[in-house]
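Some notes on the structure that comes next.
The values are calculated or read from the model by the stated rules, or taken from the named source; none is laboratory data. None of the values given here were measured: they were computed from a predicted structure. Because the Cβ atoms are built from the backbone with ideal geometry, glycine has one as well, and the counts that use them run over all protein chains shown. Side chains included, ligands, DNA and RNA excluded: accessible areas come from the protein's heavy atoms. Shrake-Rupley method; radii C 1.70, N 1.55, O 1.52, S 1.80 Å.
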Amino acid sequence: MTPKRPKWPGITWRPCVRESGPWILGVNPWVYDFAAYNLWARPAGLLVCLDMLSKAGARTALMDCMDRTWQDQPWPAAGYTGAGRYPRTVLPRPGVLADVPRQYSRYGLPGDRVEKALARLDPPPDLILITSIMTYWYPGIVAAVRMLRRLWPGVPVCLGGVYATLCREHALRLDVDLVISGPLEDEDNWAKVWNLLGSSPPELPRDAGMSLDTSFYTQSGYSVIMGSRGCPFRCSYCSGYRLYPGFRQAEAGLLFEHIRREYMRGIRDFAFYDDALLVNARNLLIPLLDKIISSRMEIRLHTPNALHVRYLDLEVCRLFYRAGLHTIRLGFETGAFGSRPDRKLASDEWSQGMHNLLQAGFEKEQMAAYVLFGLPGQDNAEVLQSIREVRRWGIRPELTQYSPIPGSEMFEEAKNYTWLDLDDPLAHNNSIWPCVPGGFTWAKRNYWSRIAAGA
Ligand code: B12
């Protein structure tokens, strides 16, 4: 029987090329955390999956618990670039986090409204895909699965994403039918998902893994761009290579088409999600920026995931300037240049990159440099030195608290510097300062904020 086109207000339906494919609901669950700020967030992994599945013949829909979704849904006003706060509900802290002196909250849409909207689905989906982003956000998945089981006890639920990949053993304990670790476009994973639907796997679409379906966001002020997957670096604090071994870049022309489509529906702000956007710039970034410049589209580009400063030569900086780079976040990480955990930035490269950005015309106010804070055994003097070096250029240092991530080289070392049991993903939360002696306190936080502000 051909499924009817489901009618329910607020959830976007993406028309599919075929009329008879299975119909699949994607769910981006709530965030449970001590802090959450929307830096152009989108569940990119899930959007990539839905893109592949719909190109392979499925009908797809999305419930994003972190998106405003309904016109009449109260939501904190976003800034002019689309970044902003989320609504939140304060919750009791879970056991292992009971002593953390911060409020713990659920961020995103009200649970009852989400449940009521989903309950109107007719017919129910054939399959539900839940994504996971930060490992320590898993309570949001537990809450979403409980709701979905209440609604449709018989519909198979498949979990994938960062948490499902890095904490597989933990994820297997949740009440889901299938846990997928790694990219959906891996042939084994692709087959497992279609088998759960009772079908044999169709061929993967040509751009599988590189294209994301952002058309679900009908009233969005911003969009995301993913020019590459993976990262050629092996930083000891990062789990990137576990999530995506290898490095693959999109075709500049296809990426430009994505931006142009979004532009045509009124979107002006675009955030890059790449880990290594500037690597092989001749292959992707330079042709992409050239195309944006020639098109005369007036857009703002944002790099919340940080740029590798050593690749910021004058040509790239000038093209970025003309194409509309607006929010510049730089990976400074640590001023102890000789013993850096990433070994990817030397002191003269940092100075050269800064010179090039300024010479290209960027304002210092547009920039901030991420300084790693709370690394296992990190000396305060090193953080102070980093802050001083960044401030010497008149730009803002932004302290990024370390999160111990399973699968990273530094994870084992982190275990020796924390009072927490890192087998529980809740303990990976960067907001609790898991490897700082004594953990997070407001006094320490205020001290470091003052230092970072130059007091
Ligand atoms: C973009 C990004 C961000 C963005 C926002 C992301 C968001 N949506 O909220 C910004 C810049 C804001 C950010 C911030 C931070 N981030 Co970040 N971020 C990333 C990054 C680079 C890309 C994520 C992504 O979208 N990838 C692209 C998609 C396509 O890949 P994917 O999600 O893995 O999806 C594939 C598969 O997993 C699978 N899949 C996904 N979902 C599903 C679902 C189903 C059902 C199936 C079958 C398959 C499946 O198929 C997909 C397609 O192949 C990752 C690193 C990485 N390379 O993944 C880090 C990463 C997720 N971040 C990380 C960290 C540490 C942070 C920060 C804590 C940094 C800091 N110290 O401040 C902050 C925390 C922010 C917060 N508290 O809100 C860590 C994870 C930490 C953890 N414990 O989980 C990562 C892994 C990087 C690392 N260092 O190892 N981040």
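One way to sum up the overall shape of region 222-452 is the equivalent ellipsoid from its Cα gyration tensor, whose semi-axes run 32, 21, 16 Å, largest first. Quick one: angle between helix 285-295 and the longest Cα principal axis of the chain, in degrees between 0 and 90, rounded to 10, please. Approximately 70 degrees, to the nearest 10. Only beta bridges with both residues in region 222-452 are counted; by DSSP, about 10 percent of them are antiparallel. Extension gain for D186-W442 works out to 87.7 nm (0.36 nm per residue, less the C-alpha to C-alpha distance). For region 307-336 versus region 89-126, the inter-centroid distance based on Cα atoms is 37 Å.
Using helices alone, what [θ] at 222 nm do you get for the chain, with -39,500 (n - 2.57) per DSSP H run of 4 or more residues, divided over all residues and rounded to the nearest 500?
Details: 14 runs with 135 residues, N = 455.
Theoretical 222 nm ellipticity from helices: -8500 deg cm²/dmol.
Here, the chain is characterised by an Rg to Rh ratio of 0.95, where Rg is the alpha-carbon radius of gyration and Rh the Kirkwood radius. Per-residue extension of 0.36 nm, minus the Cα-Cα distance of W419 and S294, leaves a gain of 39.5 nm for this segment.
The charge dipole of the chain, taken about its Cα centre with unit charges on the Cβ of Lys, Arg, Asp and Glu (plus for the first two, minus for the last two), comes to roughly 1160 debye.
Looking at this model, which pairs from K291/K364; K116/K415; K364/K415; K415/K444 are more than 31 angstrom apart at the alpha-carbon? Violating the 31 Å limit, Cα to Cα: K116/K415; K364/K415.
Taking each residue as 0.36 nm, the span from D207 to D348 lengthens on full extension beyond its C-alpha to C-alpha distance by 46.9 nm. What angle do you read, to the nearest 10 degrees and between 0 and 90, between the alpha-carbon axis of helix 314-323 and the longest principal axis of the chain? For helix 314-323, the angle is close to 50 degrees.
The label point for D122 and the one for L358, both projected 7 Å from the Cα toward the Cβ, are 6.6 nm apart.
Just so you know, the averaged projected area of the alpha carbon convex hull for region 350-429 sits at 6.6 nm².
With axes computed from alpha carbons, what is the tilt in degrees of helix 442-452 against the longest principal axis of the chain, rounded to the nearest 10 within 0 to 90? With rounding to tens, the tilt is 60 degrees.
What spacing in nm lies between the two simple spin-label points modelled at R396 and N380, each 7 Å away from Cα in the Cβ direction? Roughly 2.5 nm, to one decimal.
Arrange the residues H428, H326, H170, H355 by how much accessible surface each exposes, largest first, with a 1.4 angstrom probe.
Largest to smallest exposure gives the sequence H355, H326, H170, H428.
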